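Asker: Can you keep this structure in mind? I'll have questions shortly.
The values are calculated or read from the model by the stated rules, or taken from the named source; none is laboratory data. Treat the numbers as computed from the prediction; the structure is a model and nothing was measured. Positions of Cβ are generated from backbone atoms using ideal geometry, with glycine treated the same way; all protein chains shown enter the neighbour counts.
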Protein chains: 4
Amino acid sequence: MSRIKVGVLGATGMVGQRFVQLLAAHPWFELVALAASDRSVGQSYGDACRWILDTPMPESVRGMVIQPCQPALECRLVFSALPADIAGSVEEAFALTGYVVSSNASSHRCAPDVPLMVPEVNPDHLGLLPLQRQRRGWPGLLVTNPNCSTTHLVLALKPLWEAFGLRRVFVTTMQAVSGAGYPGVPSLDILDNILPYIAGEEEKVEWEPRKLLGRFDGEGVELADLQLSAHCNRVAVTDSHVECISLELARPASLDQVRDALVSFRALPQELGLPSAPPRPVLVRREPDRPQPRRDRMAGGGMATVVGRLRPCPLMGYKLIVLGHNTVRGAAGGAILNAELLSAQGYLD
Amino acid sequence: MSRIKVGVLGATGMVGQRFVQLLAAHPWFELVALAASDRSVGQSYGDACRWILDTPMPESVRGMVIQPCQPALECRLVFSALPADIAGSVEEAFALTGYVVSSNASSHRCAPDVPLMVPEVNPDHLGLLPLQRQRRGWPGLLVTNPNCSTTHLVLALKPLWEAFGLRRVFVTTMQAVSGAGYPGVPSLDILDNILPYIAGEEEKVEWEPRKLLGRFDGEGVELADLQLSAHCNRVAVTDSHVECISLELARPASLDQVRDALVSFRALPQELGLPSAPPRPVLVRREPDRPQPRRDRMAGGGMATVVGRLRPCPLMGYKLIVLGHNTVRGAAGGAILNAELLSAQGYLD
Amino acid sequence: MSRIKVGVLGATGMVGQRFVQLLAAHPWFELVALAASDRSVGQSYGDACRWILDTPMPESVRGMVIQPCQPALECRLVFSALPADIAGSVEEAFALTGYVVSSNASSHRCAPDVPLMVPEVNPDHLGLLPLQRQRRGWPGLLVTNPNCSTTHLVLALKPLWEAFGLRRVFVTTMQAVSGAGYPGVPSLDILDNILPYIAGEEEKVEWEPRKLLGRFDGEGVELADLQLSAHCNRVAVTDSHVECISLELARPASLDQVRDALVSFRALPQELGLPSAPPRPVLVRREPDRPQPRRDRMAGGGMATVVGRLRPCPLMGYKLIVLGHNTVRGAAGGAILNAELLSAQGYLD
Amino acid sequence: MSRIKVGVLGATGMVGQRFVQLLAAHPWFELVALAASDRSVGQSYGDACRWILDTPMPESVRGMVIQPCQPALECRLVFSALPADIAGSVEEAFALTGYVVSSNASSHRCAPDVPLMVPEVNPDHLGLLPLQRQRRGWPGLLVTNPNCSTTHLVLALKPLWEAFGLRRVFVTTMQAVSGAGYPGVPSLDILDNILPYIAGEEEKVEWEPRKLLGRFDGEGVELADLQLSAHCNRVAVTDSHVECISLELARPASLDQVRDALVSFRALPQELGLPSAPPRPVLVRREPDRPQPRRDRMAGGGMATVVGRLRPCPLMGYKLIVLGHNTVRGAAGGAILNAELLSAQGYLD
């Protein structure tokens, strides 16, 4: 079977590089098009891109010529790593021209006819796509993945939501600098320091899980009846976010029951054997001091969510720590897994 | 007026050095005795102490000979920077021999007849001291200061407790490595990493504020009716802890009213003009991204608590950030301020 | 005596903020004018400047209105913290209009009629100023201070140059991120990392000391006959540069003689009692592992050079470590000391 | 062919863990014995070892019971990750009982009859082994690998030594904290700081390359006629050392010739296809700012030496940067490659 041709929009940035890294040897997708801003167009990727990841730039992309972010790329699907301020119109232009768009940008996450999706959490939300096509008249289609903190939060919440129901969730994040892109956070702001603020982040973390855990009723997604409160901080870590979570279940459960629900969690991507799906989407560690960023972020190839320190909370009932890679599962890897699900479900035929 | 002679127990450790630094030029106290463990006894402080603070070792202490931690020091008051496992018995031996002991150790914090004190918060708890003397038969006396995270938490809570009452407090800390002493946290555990666990810390933060905000009724302290939940983390910061706080007030108040209560807060140490008391115990910053450790920890000479990002919380009502220096106000400086209050109240006469 | 009115060009940047911090309470200079780029002009300093230093913005400057970098400031002297690409022409325009300019920029450092000066090292180079005026027809005048790494290097070399002569100097620097300004070094480039390259830096460190140690013969400065080789690196330190130095003396000396020459070094700024001059320009530490950035950078208020680990070098004869604050003595503080010398020598009358 | 049974001495420490990690799936060696200090003996490895590497502990070792460091292990070869103070006598006891010992400890590096070996550099020094057996009467044998900084230094020097000869080498290192083991460097010593001193390191770096590049004349190794000078520093990097090198060649060469010598370097391990040998032992990067620790340390699986910034040196002729992983090639991986060479040469038959 020949691979599906794909492109990356915003290919020279931080998340764009992750897409390139993860797609270079993908079994289903063939990376054939790289698009970026005008100042890079026409240059080879090797020349235009200041590669900053910790593995070398794949040789296969070094000579590819960067194209404009316009719907004239010779591929079936595009991954969007565009900045939020331009992603909206560019992605729509691609969908309007027949491309399948898997976006990491925040522009369309709140649109009622755009699936905001984590394949283990709400694959049924793909049911929005026929409505999307109908309403927008697009021959193509558009799906998005959530914010990096939201992604790992909902992966940890989903098994509990299913098993016990959730009422309230309290989360304080300690987020890696790579989440701000490159150049992103100045080193003078983060060495021996903490930034107790990330613009727009708390709003996303308090809203997106409600759509992800919401019920698709054939016509739209009803936001989940769930209260969230978030404090978001930037800390001196290169990759992966840590989230301190307290939560209140709708139905009482013992700590062992909660742990079992997390440990035994499997979902559609695991059943379908999607190439980027980790064997176990949620890993539970029992050491008192895990998960930790440097030691746990590559769990499941950066695609797993790692949970630890499950214990009672005097206010909410349960405390736990959640950790996950912010630019793999939390960005490029999440969008690729979404595309794999689209493919497995026939949306790329 | 001649200064009061004081000594430091555990003078070579991290907190011991802070005591030495802060006492070297103190207007009321004269540092005349340094005591440490057996392996240092008999050596000069300059030789025995691997000085690790960021200002030079005061010349005046360099030649002082280290004595054993036994109640034979020629001074009126001792500050205890002893580790918790030995502090208990040593401090009692000193109190039993007539010394006034101002302790930073956790050993006696829970004792019903020992004031756990922050002078701006509960100076009336000194009323426990006559009971302490009576019950224990000590010619001396013993007061303690709380855990470093608790100290700044209660300094921020106290004005709200007074003005509006408090029901529930949620706190996630990001704590500096200096809180673990020296050598303390291995660098391999904290570079590009977070430790989402500090042994015993969450229990202290969830309990100590209830004693500090508790009511002294002439016979004892009734724990405050207040629910707390804490997540405590170690991060790559040298000094000062950051605390992300959500809280529920007993009586509704606008954000402006809350801010005003914090800004206008003054207490007994400010009235008495205690030498180590900051002019304003709580500073409120209005920038979106403050307070930050490196830029705010020395506010009020490291004795102030800095509050920022006051905003609504969807779950609790109010969110804010609290920052404070963990080894100045949160340890040595706090114990010194306690001693200053004892002096001003006549307990050192 | 009334203070001399001064201004700062480029007042909102990293070094500009240091100037403001150090000048806010200066005994000789009164800071009356702040100038910056067009996008800040007309705003108050408090609004326009994202203050990033670790002490609060001085209250006295918060309301000052930012002016354009044009020679219409009501002051006698301007400190230039302008970027190199525009400093050249702007500084000349000020000198041409009669201002005394003390520059931290690199633009004029190589000009034969501009003193490149560290007051302890080559105060006699002020003799270039009459030639400068004559040649350029300026009513004002212009002096510069060297690169931050050069400054501390020559402060350590000067006593040895005087006492024993120098043939060859080998230096490897580990430089703080503040040297790159703000936003400067991206955190993703420096966390758990080293940048083994700083554009243009090695060339400066290999050339500037030769001018600073050069002989002024009444007509110009003859470059010192001294060979230097530099490796310059950026490391995860906020402030202060460390330099590993090996050197060959022209005349043999014992390690004790070398140490004595460094320890006993005093120069004109100390004799004149210039306000920013540290009592001892070079401090020598004898611990095996000092100097260290966080613990030694504020020596002499950030104006001293700290030397340590003096020991034999198998190739050159002598090894030592040099440390100094890069934005205090190495930038703003150095330019202020230059201005103090100008004042003491009558150039500001 | 069945794999050769091997054990690890000092298996719970930092380098011991690297051995375990690298041996868990080794094609030639089967890890069957783990030995450590008395306080771990009898416990399972999973219980006794606080695993601190960034990949999970291999499942295969978790249940292995830790044995004493005595020559009663059921294996043919032992890797020694013992601390220097006990390595000497323990390793000799193993060699005396017939074991082949591949040591990472410094104890025997200077012994005239013990090969100090990097397989790409001096494989002919294995010729010392018959002499070793004869002189010591050991049925077993002992080889060592050099200090981590030396390893990468000589890998970069060897091609130049062969092609052009070397007279003098100047090196300043910036070394990762993992080189000090665990707990090793306290975080308070390295956050926002540099330690300009590593006990004993400069002596090793100045001497070991002379043995490694020395000539084996059938009876012993004649130290290479080469002068070295080293400055060694500890910096806030988790893994990999950076070395700034200036060197003087014996015979003049152009920069291109020097680069070609490095790029084209291959040696016996590559010819023999030893499993841990990187395809290219020395990688040369041409970007102005590489190599960098986080981005280049895993080159060749952590077994390659990465060179960059080749350029002229005013004093010595040539400057370059060398980077390599300190606990892979610089410690455990180096000792494993030594053992692979022993095996390929028939010493394990």
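Asker: Just give me the residues in segment D:101-120 being among the hydrophobic types (A, V, I, L, M, F, W, C) and touching a Ser or Thr at 6+ places or on another chain (Cβ under 9 Å), in sequence order.
Answerer: Scanning segment D:101-120 gives D:VAL101, D:ALA105, D:ALA111, D:VAL114, D:LEU116, D:MET117, D:VAL118.
Asker: Turning to a different aspect of this structure: So, in segment B:145-184, of the ones that are over 26 Å from B:GLY317 (Cα atoms), touching a residue at least 60 places away in the same chain (Cβ under 8 Å) and touching a strand residue (DSSP E or B) at 6+ places or on another chain (Cβ under 8 Å), which residue ends up surrounded by the most Cβ atoms within 10 Å (Cβ to Cβ)?
Answerer: In this case the residue turns out to be B:ASN145.
Asker: A further question on this structure: If the requirement is being in contact (Cβ under 8 Å) with a residue 24 or more places away in the chain, not assigned by TED's automatic domain parsing to the domain that holds A:GLY181 and not in a helix (DSSP H, G or I), which of these qualifies: A:ARG50, A:ARG39, A:ARG18?
Answerer: Values: A:ARG39 fails: in contact (Cβ under 8 Å) with a residue 24 or more places away in the chain; A:ARG18 fails: not in a helix (DSSP H, G or I).
Answer to the selection: A:ARG50.
Asker: Then there is this: I'm checking my understanding of the structure. Among residues of segment D:278-331 that are among the hydroxyl-bearing types (Ser, Thr, Tyr) and more than 11 Å from chain C (Cβ to nearest Cβ), which one is nearest to D:ARG234 (Cα to Cα)?
Answerer: D:THR327
Asker: Determine whether segment D:20-40 contains at least one residue that is over 29 Å from B:PRO186 (Cα atoms) and at pLDDT below 95.
Answerer: Yes: one or more hits.
Asker: Mind telling me which of the residues C:ARG18, C:ARG62, C:ARG76 ends up being within 14 Å of chain B (Cβ to nearest Cβ) and either farther than 28 Å from B:MET298 by Cβ or not hydrophobic (A, V, I, L, M, F, W, C) (or both)?
Answerer: The unique qualifying residue is C:ARG62.
Asker: Would it be correct to say that A:SER107 is out of contact with any Cys (no Cβ under 8 Å at 6 or more places or on another chain), in a loop (DSSP other than H, G, I, E, B), among the small types (Gly, Ala, Ser) and touching a residue at least 12 places away in the same chain (Cβ under 8 Å)?
Answerer: Details: out of contact with any Cys (no Cβ under 8 Å at 6 or more places or on another chain): yes; in a loop (DSSP other than H, G, I, E, B): yes; among the small types (Gly, Ala, Ser): yes; touching a residue at least 12 places away in the same chain (Cβ under 8 Å): yes.
Spelling it out, A:SER107 is indeed out of contact with any Cys (no Cβ under 8 Å at 6 or more places or on another chain), in a loop (DSSP other than H, G, I, E, B), among the small types (Gly, Ala, Ser) and touching a residue at least 12 places away in the same chain (Cβ under 8 Å).
Asker: Quick check on A:LEU73: is it assigned to a loop (DSSP other than H, G, I, E, B), of a type in the set (A, V, I, L, M, F, W, C), modelled with pLDDT of 95 or more and crowded, with 23+ Cβ neighbours inside 10 Å?
Answerer: When the stated conditions are applied, A:LEU73 passes them.
Asker: Which of the numbered conditions does D:ARG215 fail, given that it passes all the others? Conditions: (1) of a type in the set (Lys, Arg); (2) within 14 Å of chain B (Cβ to nearest Cβ); (3) more than 19 Å from the chain's Cα centre (by Cα).
Answerer: Result: D:ARG215 fails condition (2) only.
Asker: A further question follows. Can you pull out every residue in segment D:225-269 that is within 14 Å of another protein chain (Cβ to nearest Cβ) and among the aliphatic types (A, V, I, L, M)? It would help to see each step written out before you state the result.
Answerer: Initially, segment D:225-269 is screened for residues within 14 Å of another protein chain (Cβ to nearest Cβ), giving D:225-248.
Hits for segment D:225-269 are D:LEU226, D:LEU228, D:ALA230, D:VAL235, D:ALA236, D:VAL237, D:VAL242, D:ILE245, D:LEU247.
Asker: Search segment A:197-212 for residues being touching a Leu at 6+ places or on another chain (Cβ under 9 Å) and more than 9 Å from chain B (Cβ to nearest Cβ), and hand back the single one that is surrounded by the most Cβ atoms within 10 Å (Cβ to Cβ).
Answerer: A:PRO209
Asker: Okay, moving on. Scan segment B:280-298 residue by residue and report those that are in contact with an Asp or Glu (Cβ under 9 Å, 6 or more places away or on another chain) and not hydrophobic (A, V, I, L, M, F, W, C).
Answerer: Hits for segment B:280-298 are B:PRO281, B:ARG285, B:ASP289, B:ARG290, B:GLN292, B:PRO293, B:ARG294, B:ARG295, B:ASP296, B:ARG297.
Asker: Scan segment C:21-36 for residues that are aromatic (Phe, Trp, Tyr) and not in a loop (DSSP other than H, G, I, E, B) and report the count.
Answerer: Number satisfying all stated conditions: 1.
Asker: Condition first: buried (at least 19 other Cβ atoms within 10 Å of the Cβ) and β-branched (Val, Ile, Thr). Now tell me which residues in segment D:245-297 satisfy that.
Answerer: D:ILE245, D:VAL258, D:VAL282, D:VAL284
Asker: Which numbered condition in (1) modelled with pLDDT under 95; (2) charged (D, E, K, R); (3) surrounded by 20 or more Cβ atoms within 10 Å (Cβ to Cβ) is the only one that A:GLU91 fails?
Answerer: Here A:GLU91 clears every test but (1).
Asker: Give the residues of segment B:161-196 that are within 7 Å of another protein chain (Cβ to nearest Cβ) and not in a loop (DSSP other than H, G, I, E, B), sorted by residue number.
Answerer: Within segment B:161-196, B:ARG168, B:PHE170, B:THR172, B:MET174, B:VAL177, B:SER178, B:PRO186, B:SER187, B:LEU188, B:LEU195 meet the criteria.
Asker: Right, here's the next one. Is it fair to say A:VAL61 is touching a Gly at 6+ places or on another chain (Cβ under 9 Å), of a type in the set (A, V, I, L, M) and part of a helix (DSSP H, G or I)?
Answerer: yes
Asker: Going through segment A:222-237 one residue at a time, which ones are surrounded by 23 or more Cβ atoms within 10 Å (Cβ to Cβ) and more than 16 Å from A:PHE170 (Cβ to Cβ)?
Answerer: A:ARG234, A:VAL235, A:ALA236, A:VAL237
Asker: Right, another one. For the structure I just gave you, tell me whether B:PRO56 is assigned to a loop (DSSP other than H, G, I, E, B), surrounded by fewer than 24 Cβ atoms within 10 Å (Cβ to Cβ) and within 14 Å of another protein chain (Cβ to nearest Cβ).
Answerer: In short, yes.
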